[in-house]
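> One structure, pasted below without further comment.
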């Protein structure tokens, strides 16, 4: 019987690891990203999972022949590392030998080795597995990883417990028709449009919880800002004094995430030419104050996309912030579990966070009193029996609590100044894309 315990792990090759071997031999696996033939030699650009390295092929120096490889060939190289200030990361590899691991059967249908993929988004969706080999396209999802990593680290550091809630549910957290229905054996079930009910439940025994997971919305949008499946960054916290505690927690979290990206994702930020926001504090306006700023009448109950753009322009120019909170929305446009405002019961203790012209967060304080929740459901003509297990939560007692949900693809889209949210989704799901 073979044992693996004593076998060395294959280490990732990085600029730092290669710099530690300057003047020495190195060996690693890579994909041939591009070949630039020169007079008497060739630059062979190598692509690994995270980096692009420059190598030089010279006949007579390299034991293998360059005719064996082309763009897209996977190889294992042996080479000597040397300093080269003109190359990326300040180093270059002299190829001594290589072994072909895999040869492509067809040429790339896209310009993978170009700085930008340079094709319409529909072409990128059609050839998704090829488009994502482009370093810039790929870097977007390393930034997504960084946002999730910073979010998770901040949450854990602040006493939140990570949870994983069901995505097949008996009822929608927000009701309405935007639910994907499916058969669960002999019963009707739905894909979760939010982890809301479950994260509130977990507050009863964890106090503070968070989740990173998929969210499903059966909305027939076909816009640059909507997906039918996206990744939600959610948290819920108990023992809050008011909705301001939730907004303060989000502000601190965003500061942390920006710092985390700056520290750990310099390579990808540079590739994407990203400009991270500077966050000190985030201004807050009420919904009706926002309408006054926009010069609009008070007979609307929500903000439209252009309102969000205009409010962010105002915040950037007048308040020096790329973010702005809008709070106390009309209750009719908010979920039944949103707590009524003490100042005006027609308003909800609910907020949106706008960033660079787009709503990225919805959150607020929830009703924690059983009788108050029951009364509001009756006002909304809802049957409490339809969400029986949710009502049980409050029957047995809950602390004052609140939380929020952030759309990962939306925040990444705005961090990187992407024009379409599909560019921030690895394999987008919308009206027209179910494959790949």
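Only the coordinates and a few stated rules stand behind these numbers; no lab work does. On a predicted model such as this, the values are computed, not experimentally measured, just so you know. Note: ideal-geometry Cβ built from the backbone for every residue, glycine included; neighbour counts use all protein chains shown.
> Determine, from the Cβ-Cβ distance of residue 27 and residue 289 and an R0 of 45 Å, the FRET efficiency 1/(1 + (r/R0)^6), rounded to the nearest 0.05.
It comes to 0.10.
> Which angle from 0 to 90°, rounded to the nearest 10, does the C-alpha axis of helix 305-318 make with the longest principal axis of the chain?
The angle comes out near 80 degrees.
> With the crude spin-label approximation of a point 7 Å out along Cα→Cβ, what separation in nm comes out for residue 248 versus residue 114?
Calculated label separation equals 5.1 nm.
> Here's another thing I want to ask about it. What is the extension gain from residue 301 to residue 158, computed as 0.36 nm multiplied by their sequence separation minus the C-alpha to C-alpha distance, in nm to one decimal?
Net length gain for the segment: 48.0 nm.
> Let me ask something additional. Over the chain, what is the mean sequence separation of C-alpha contacts under 8 Å (at least six apart), divided by residue count, expressed as relative contact order in percent?
13
> Beta carbons within 10 angstrom, averaged per residue: use that to sort the peptides 303-316, 388-401, 362-375, highest first.
362-375, 303-316, 388-401
> Among 358, 96, 233, determine the one that fluctuates most according to a GNM of the chain built with springs between C-alpha atoms less than 10 Å apart.
Between 358, 96, 233, it is 96 that shows the largest mean-square fluctuation.
> Give me the number: length gained by fully extending residue 41 to residue 103, i.e. 0.36 nm times residue separation minus the C-alpha to C-alpha distance, one decimal in nm.
Result for the pair: 20.1 nm of gain on full extension.
> Using a Förster distance of 56 angstrom, determine the FRET efficiency expected from the C-beta separation of residue 316 and residue 70, and round it to 0.05.
Calculated transfer efficiency: 0.75.
> Given Cα pairs under 8 Å that are at least 6 residues apart, what percent is the relative contact order of region 15-102?
32
> Oh, and also: How many angstrom separate the Cα center of region 134-201 from the Cα center of region 26-48?
First find each Cα centre; the distance between them is then 41 Å.
> Given R₀ = 35 Å, what would the calculated FRET efficiency be for residue 88 paired with residue 434, taking r from the Cβ atoms and rounding to 0.05?
Rounded to the nearest 0.05, the efficiency is 0.40.
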